[in-house]
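Structure first, commentary second.
The values are calculated or read from the model by the stated rules, or taken from the named source; none is laboratory data. Bear in mind the structure is a predicted one, so any value in this text is a computation, not a measurement. All Cβ positions, glycine included, derive from the backbone under ideal geometry; neighbour counts span all protein chains shown. Remember, those area values only see protein heavy atoms, side chains included, never the ligands or the DNA or RNA. Shrake-Rupley method; radii C 1.70, N 1.55, O 1.52, S 1.80 Å.
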Amino acid sequence: MDSVVRVNGGKALSGRIHVRGAKNFVPKAMVAALLSDKPSELRNVPQISDVDIVSGLLRLHGVEVAYDVDRGILTIDPTLVTSAQVEAVGEHAGSSRIPILFCGPLLHRLGQAHIPDLGGCEIGGRPIDFHLRILEEFGACIEKQEGGGIHISAPKGLEGTTIRLPYPSVGATEQTLLAAVQARGKTELRGAAIEPEILDLINVLQKMGAIISVDIDRTIRIEGVDHLDGYVHRALPDRIEAASWASAALATRGDIFVEGAVQPDMTTFLNVFRKVGGAFEVHHDGIRFYHPGGQLHSIALETNVHPGFMTDWQQPLVVALTQAQGISIVHETVYENRFGFTKALNQMGAQIQLYRECLGGLECRFGQRNFFHSAVILGPTPLRGADIAIPDLRGGFSHLIAALAASGTSHVSGIGMISRGYENFIGKLRALGADIDLIDRSE
Ligand code: EPZ
């Protein structure tokens with residue numbers, strides 16, 4: 001669905017919205033259910049297309065999935081699991097990267113799996129070399145398929161192993177967890193990602209019967225077990241969506257209560273939000289984010305793996321930084337090409353310049369290569385409405401924020417991508433007073 005919205009900007013967003021389970025956790029917990037032949041129940045599940053995609057992929061493999069949208073409850077019954085054709089999986093998965101995480105569970109259940117070539121937001125190469133190396137370390141055999149995708153098999157099952165990640169990759173850590181929990185013997189994963197979404201996936205696996213420890217040096221140890229049960233679990237809230245609404249409050253000089261947001265997952269964001277000049281109040285049922293008046297302050301920011309400033313937080317915040325007094329610097333160290341969205345902001349009047357250099361002190365894999373991964377933002381610059389096409393999920397939400405902050409009318413096309421990770425975002429924007437209309441819905 002490639003819809004277009006018309007936004008009449010210049011109004012402060014104010015009101016209360018509700019955020020449900022994390023887009024970067026829920027699909028992984030759904031895949032984890034495959035590890036058992038007993039039913040599982042996942043709660044606080046948002047109605048986003050990434051959940052639809054994984055539900056469809058599970059059904060392709062013979063799994064029964066039911067979703068109660070209003071209660072946010074997803075039930076998964078993996079009693080019967082069957083192989084699926086790579087063409088069907090590829091067609092259904094679309095741009096999702098989730099199919100690669102089916103490998104471990106399908107190898108344990110079926111001894112083989114067909115995985116299509118992956119998509120994902122255009123924010124970098126999005127390689128899967130770590131994933132493939134990990135699966136081979138566990139003893140899997142991987143064959144590239146002529147028509148695209150891979151066939152992966154492990155006729156003798158998977159053997160626990162020691163893995164050292166060259167970078168704390170979220171996906172590669174999840175890949176290891178989903179393969180190791182039922183591999184023979186012990187697995188040690190060094191240099192692991194420890195994001196809250198990873199720790200919640202470990203909670204799910206432990207509920208199923210897994211034995212997993214997380215050490216202070218980013219080493220995760222898993223003792224393989226023979227059998228895993230189903231689980232009942234309430235998904236952690238989406239800290240990226242919460243931060244996106246916080247940035248929208250700053251950029252539009254508004255006041256937004258995000259019901260469901262929790263402070264511990266957002267500590268680093270809240271520090272930066274305060275340094276920029278935003279104000280927040282932590283309540284028992286959510287967090288109030290608001291612009292207290294006066295000037296916003298420019299900052300120097302570097303994204304990093306957890307507990308650093310999350311790469312998914314930077315796009316919406318950059319829009320607020322266009323309204324800050326002075327020169328801000330953002331050094332993106334997680335993805336090599338995540339500033340594509342700034343081109344549209346400059347068309348709207350922002351003054352953002354991109355650099356290949358690492359404009360920050362953090363060790364970065366992209367220095368002196370041909371990647372424009374540092375941005376300098378001069379503010380404040382008034383934004384004017386424009387016609388913009390969104391490039392990716394988070395950049396797309398940033399374009400919406402910019403259109404809402406701009407004076408005049410904007411037409412934002414390709415917004416179907418935003419529904420991958422932002423539940424009912426048009427309804428929420430209207431609840432916050434935005435003047436937004438869906439003007440074209442081409443299927
Ligand atoms: C997850 O992507 C998230 N997506 C991303 O959110 C998030 O930005 C990212 O983690 C980092 O936190 C989901 O969970 C669905 P990575 P993932 O593996 O797992 C390189 C959003 O908007 N790498 O941690 O794909 C990779 O190129 C999305 O919600 C390899 O080189 O991220 C990148 O530079 C965007 N080889 C870095 O590691 C590999 O095999 C981090 O990637 C895998 C990754």
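Evaluation of Asp200 against the conditions (1) surrounded by 15 or more Cβ atoms within 10 Å (Cβ to Cβ); (2) within 11 Å of the ligand (Cβ to nearest atom) shows that the sole unmet condition is (2).
Taking first residues from the range 143-164 that are open to solvent by 90 Å² or more (accessible area, probe 1.4 Å) and partners that are modelled with pLDDT under 90, the Cβ contacts under 6 Å between residues at least 6 apart in sequence or on separate chains come to Lys144/Ile150. The single condition from (1) over 30 Å from Phe280 (Cα atoms); (2) within 12 Å of the ligand (Cβ to nearest atom); (3) touching a Lys or Arg at 6+ places or on another chain (Cβ under 8 Å) that Ala172 fails is (3).
Only a single criterion out of (1) over 24 Å from Phe339 (Cα atoms); (2) assigned to a loop (DSSP other than H, G, I, E, B) is not satisfied by Tyr422, namely (1).
Taken together, Asn346, Asn370, Asn337 contain a single residue that is surrounded by fewer than 22 Cβ atoms within 10 Å (Cβ to Cβ) and within 24 Å of Arg420 (Cβ to Cβ), which is Asn337. Looking at the range 102-119, which of its residues are small (Gly, Ala, Ser) and either surrounded by 17 or more Cβ atoms within 10 Å (Cβ to Cβ) or at pLDDT 85 or above (or both)? Listed by number, the residues that qualify are Gly104, Gly111, Ala113. If the condition is being among the polar types (S, T, N, Q) and either at pLDDT below 95 or open to solvent by less than 10 Å² (accessible area, probe 1.4 Å) (or both), then the range 165-194 contributes Thr173, Gln175, Thr176, Thr187.
Within the range 206-213, does at least one residue satisfy the condition of being in contact with a Phe, Trp or Tyr (Cβ under 6 Å, 6 or more places away or on another chain), of a type outside the set (Gly, Ala, Ser) and more than 13 Å from the ligand (Cβ to nearest atom)?
Scanning the range 206-213 turns up at least one residue that is in contact with a Phe, Trp or Tyr (Cβ under 6 Å, 6 or more places away or on another chain), of a type outside the set (Gly, Ala, Ser) and more than 13 Å from the ligand (Cβ to nearest atom).
Scanning the range 61-101 for residues that are among the aliphatic types (A, V, I, L, M) and open to solvent by 60 Å² or more (accessible area, probe 1.4 Å) gives a single hit, Leu80. Report yes if Gln145 is of a type outside the set (Ser, Thr, Tyr) and over 23 Å from Met417 (Cα atoms), otherwise no. Spelling it out, Gln145 is indeed of a type outside the set (Ser, Thr, Tyr) and over 23 Å from Met417 (Cα atoms). Selection of the range 338-369 for residues being within 16 Å of the ligand (Cβ to nearest atom) and among the aromatic types (Phe, Trp, Tyr) yields Phe339, Phe341, Phe366. Of all residue pairs spaced 6 or more apart or on separate chains, those with beta-carbon atoms under 7 Å, a first member in the range 351-363 that is over 22 Å from Ala320 (Cα atoms) and open to solvent by 50 Å² or more (accessible area, probe 1.4 Å) and a second member that is polar (S, T, N, Q) and modelled with pLDDT of 95 or more are Glu357/Ser374; Leu362/Asn304; Leu362/Thr333. Please work out if Ser95 is within 16 Å of the ligand (Cβ to nearest atom), part of a helix (DSSP H, G or I) and hydroxyl-bearing (Ser, Thr, Tyr). Taking the combined requirement at face value, the residue does not satisfy it. The strands (runs of 3 or more DSSP E) located wholly in the range 206-294 that include 2 or more residues which are under 15 Å from Ile17 (Cβ atoms), in contact with an Asp or Glu (Cβ under 9 Å, 6 or more places away or on another chain) and open to solvent by less than 10 Å² (accessible area, probe 1.4 Å) occupy 286-290.
Please work out which residue is farthest from Ala93 (Cα to Cα), limiting yourself to the range 117-155 and to residues that are part of a strand (DSSP E or B) and more than 15 Å from the ligand (Cβ to nearest atom).
Initially, the range 117-155 is screened for residues part of a strand (DSSP E or B), giving 141-144, 150-153.
Now narrow it down to the ones that are more than 15 Å from the ligand (Cβ to nearest atom): 141, 143-144, 151, 153.
On the way: Cys141: 23, Glu143: 20, Lys144: 18, His151: 16, Ser153: 20 Å.
Taking the candidates together, the pick is Cys141.
Residues that are within 30 Å of Arg288 (Cα to Cα) and open to solvent by less than 10 Å² (accessible area, probe 1.4 Å) do occur in the range 50-59, at least one of them.
For the residues Asp387, Asp392, the requirement of being closer than 19 Å to Phe425 by Cβ and of a type in the set (Asp, Glu) singles out Asp392. Annotation note: of Arg420, Arg384, the sole residue that is free of Cβ contacts under 8 Å to residues at least 40 places away in the same chain and open to solvent by 10 Å² or more (accessible area, probe 1.4 Å) is Arg384. Looking across the range 184-193 at every residue that is touching a helix residue (DSSP H, G or I) at 6+ places or on another chain (Cβ under 8 Å) and within 16 Å of the ligand (Cβ to nearest atom), the one that is farthest from Glu136 (Cα to Cα) is identified as Ala193.
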